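Okay, so here's the structure we're looking at.
Since every read-out is calculated from the coordinates, none of them should be taken as a lab result. Predicted, not measured: the structure shown is a model, and the values here were computed from it. Heads up, the Cβs are rebuilt from the backbone with ideal geometry, glycines too, and the neighbour counts pull from every protein chain shown.
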Amino acid sequence: MGWCQDRLSSSPMRMFPCSSVAGVTVMSEANQGPEKLADILGRLFVARGWGRKSERLQLESAWAGAIGEELLKDTHVLGLRRGVLEVAVRNAVLLQELTQFHKRSLLTKLRAAMPGVTVTDVKFRAAVW
């Protein structure tokens, strides 16, 4: 951190704290004025991982509503990647049943439960827990 002269000001000797990164002089954040609360909260949520937790809870809630209580205990949401919901299933028989008979209705229910999220497919994976 050093001191730089303000070339845009009418007074020739105005100095402010700045730093140089790869030859580019950057003004210190202290002199940029007040920050928007939305920007501060956005950085806080990203730093703490709260946004991901909220998305995960929304995803799990939508899955619980789509699959129903009876089958919920035998499935576990792994995540949503590029529009594909990945779900772990306790046994191969249930995996085949969900894939062959329930996939379309589950997609319809998930899309209705999460209108702002694009869900293009559901992939089921056999797992043990």
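General remarks:
- Meets criteria (within 20 Å of the chain's Cα centre (by Cα) and either loosely packed, with under 11 Cβ neighbours inside 10 Å or acidic (Asp, Glu) (or both)) for Arg81: yes
- Looking only at the range 84-129, residues that are charged (D, E, K, R) and in contact (Cβ under 8 Å) with a residue 40 or more places away in the chain come to 2 in all.
- Scanning the range 79-99 for residues that are of a type outside the set (Gly, Ala, Ser) and under 16 Å from Thr120 (Cβ atoms) turns up Leu80, Arg81, Arg82, Val84, Leu85, Glu86, Val87, Thr99.
- Taking the range 75-111 as the range and being in a helix (DSSP H, G or I) and closer than 21 Å to Lys53 by Cα as the test, the residues that pass are Leu110, Arg111.
- Within the range 84-104, the set of residues being buried (at least 16 other Cβ atoms within 10 Å of the Cβ) and under 17 Å from Val117 (Cα atoms) comprises Leu85, Val87.
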